[in-house]
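Worksheet for the structure shown next.
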């Protein structure tokens, strides 16, 4: 993708040419497992039990947190998809508000340099 795309072109492009990273694809499972086992171990530590005693506690916490994080990820994805759809629709209805700004050279942006000694 080029950085020379306008706002309209970026919104129309969507997810074309983009791939999700490994962490983005698997973060609900990774975080759910980490926090499920971690919270179970922490509870056992606070009650002065061996770290992995009551393994069902770890399993239920892990399963519950993976399910919760997966739900939150899907909800977040649908929220941003709806937000993008609203922006895309607004762009279609009001293209005059999204004119491409004129390109400027860096020399036009900087002020003349005067050395102070």
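What follows draws every value from the coordinates through simple rules; no lab data is involved. What you are looking at is a predicted structure, and each value in this text was computed from that prediction instead of being measured. Don't worry about glycine lacking a Cβ; one is built from the backbone with ideal geometry, like all the others, and counts go over all protein chains shown.
Candidate values [x] 125; [y] 96; [z] 229 were compared with volume of the Cα convex hull per residue in Å³ computed on the shown model; the agreeing label is [z].
Tell me the relative contact order for segment 21-86 as a rounded percent, counting alpha carbon contacts under 8 Å between residues six or more apart. All intermediate terms of the calculation are to be shown ahead of the outcome.
Details: 54 pairs, mean separation 25.5, N = 66.
Contact order relative to length: 39 percent.
The helix-based estimate of mean residue ellipticity at 222 nm for the chain, built from -39,500 (n - 2.57) per DSSP H run of four or more residues and divided by its residue count, is -22000 deg cm²/dmol to the nearest 500.
For segment 21-86, what class follows from the C-alpha gyration tensor (a ≥ b ≥ c being the square roots of its eigenvalues): rounded when a/c is under 1.5, otherwise prolate if a/b is larger than b/c, else oblate?
prolate
On full extension, the segment bounded by residue 24 and residue 5 gains 4.4 nm, given 0.36 nm per residue less the C-alpha separation.
By the count of neighbouring beta-carbon atoms within 10 Å, fewest first, 113, 27 end up ordered 113, 27. Axis angle, to the nearest 10 degrees, between helix 22-46 and the longest C-alpha principal axis of the chain: 40 degrees. Please determine, in degrees from 0 to 90 and to the nearest 10, the orientation of helix 55-93 with respect to the longest principal axis defined by the Cα atoms of the chain, where the helix direction is its Cα long axis. Around 20 degrees separate the two axes.
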